[in-house]
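Accompanying notes for the structure given below.
The values are calculated or read from the model by the stated rules, or taken from the named source; none is laboratory data. Please read these numbers as outputs of a predicted model, since none were measured by experiment. Using ideal geometry, Cβ is built from the backbone for each residue, glycine included, and neighbour counts are taken over all protein chains shown.
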Amino acid sequence: MPIIEVYLSNAKMNNMPSVSIVVPVYNEEKSIEELVARVTRVCDTINRSYELILVDDGSHDDSQKKIEDAVKKNAGKVVGVFLNRNYGQHSAIMAGLAQADGNAIVTLDADLQNPPEEIPRLLEQIEKGADVVGTVRTPRHDTLFRRIASYIVNKVAQKATGVIMCDYGCMLRAYRREIVDAMLQCHERSTFIPILANSFAHKTMEIDVTHAERPAGDSKYGLWKLINLQFDLLTSMTTFPLRLLSIIGGAISALGVGFGLFLFVMRLLYGPIWAAEGVFTLFAVLFIFVGVQFIGMGLLGEYIGRIYHDVRARPRYFIRNVIGKNSK
């Protein structure tokens, strides 16, 4: 029996939707109505039961009201999950995954840059046996800075996980039920979902999807948030920076020894006058070592801070209310 038929039969037996669409929402009041209309229109054509889970991540605009209206208009199809404050995109997605009942789960951003019309193509790959289906945005409609940041993240993630995917930053992704269950058992606070999912997946796939201009609103990832994301990614998935720090320290020490020998020879040949009695050289070397020490302290601080947060074992999020689940 094909995999998707097993999904459908299990869904019917358990009265659960076979597909769950999880969408984190943060100040997206202008996009929610179109998002719901397009997702439900697409899902109505795939001949599978489904649920659309909208997770309000502490929005300050009318996103909550828009979600409530969507739940009322689409009873049995739309679920609203409301967090008590803003916890970040990945925590909001984890909150949605915890509420999802589907055998296949698709995550999607609310800004409509990744068209919901691509969802059937992701489900097709799940049907063919993929545990995780990633997507590559082609062509990218983002700023140069965001494309560069994305390139760096992808390269680091490929090195850290050993799973070659071209676009870890795209949230339009599909997961098999057991992968989601495995992720929900992980309790670390610094979570990057695509990488966490790949750590449990046996078979991963990646397909090209269209990428549109943002129809309304502004990106929620400013410069500072992107910088924070880079640190979260780097320190949550690998200890390579600590190893790199040791390598850099060793290289600087070797250069210091070589430079010391060079200064000794030059002093013998030309005397102390040639380098202003060595004062400027001393300062240059001192600044290099001080800079490296501060970098090392910063990296160690990042890791220790994450250990501190994980040891406290506080929840990633707090759900204030869930609506629409009882209407199924």
**Output for the range 315-328, where each listed residue is at pLDDT below 75 and not small (Gly, Ala, Ser)** = ASN326, LYS328
**Message:** Could you check the range 79-100 and list, in sequence order, the residues that are outside any helix (DSSP H, G or I) and within 21 Å of SER49 (Cα to Cα)?
**Reply:** VAL79, GLY80, VAL81, ALA100
**Asked** Hey, among the residues in the range 179-195 that are free of Cβ contacts under 8 Å to residues at least 40 places away in the same chain and not in a loop (DSSP other than H, G, I, E, B), which one's farthest from ASP310 (Cα to Cα)?
**Response** ASP181
**Which listed residue is closer than 20 Å to PRO24 by Cα, in contact with a Ser or Thr (Cβ under 8 Å, 6 or more places away or on another chain) and modelled with pLDDT of 90 or more, from PRO116, PRO120** = PRO120
**Prompt:** Which ones in the range 31-60 are at pLDDT 90 or above, crowded, with 19+ Cβ neighbours inside 10 Å and in a loop (DSSP other than H, G, I, E, B)?
**Reply:** SER31, SER49, ASP57, GLY58, SER59
**Out of ALA95, ALA75, sole residue that is hydrophobic (A, V, I, L, M, F, W, C), in the same structural domain as PHE200 (by TED's automatic domain parsing) and surrounded by 22 or more Cβ atoms within 10 Å (Cβ to Cβ)** = ALA95
**Message:** Going residue by residue through the range 68-77, is there one that turns out to be aliphatic (A, V, I, L, M) and not in a helix (DSSP H, G or I)?
**Reply:** yes
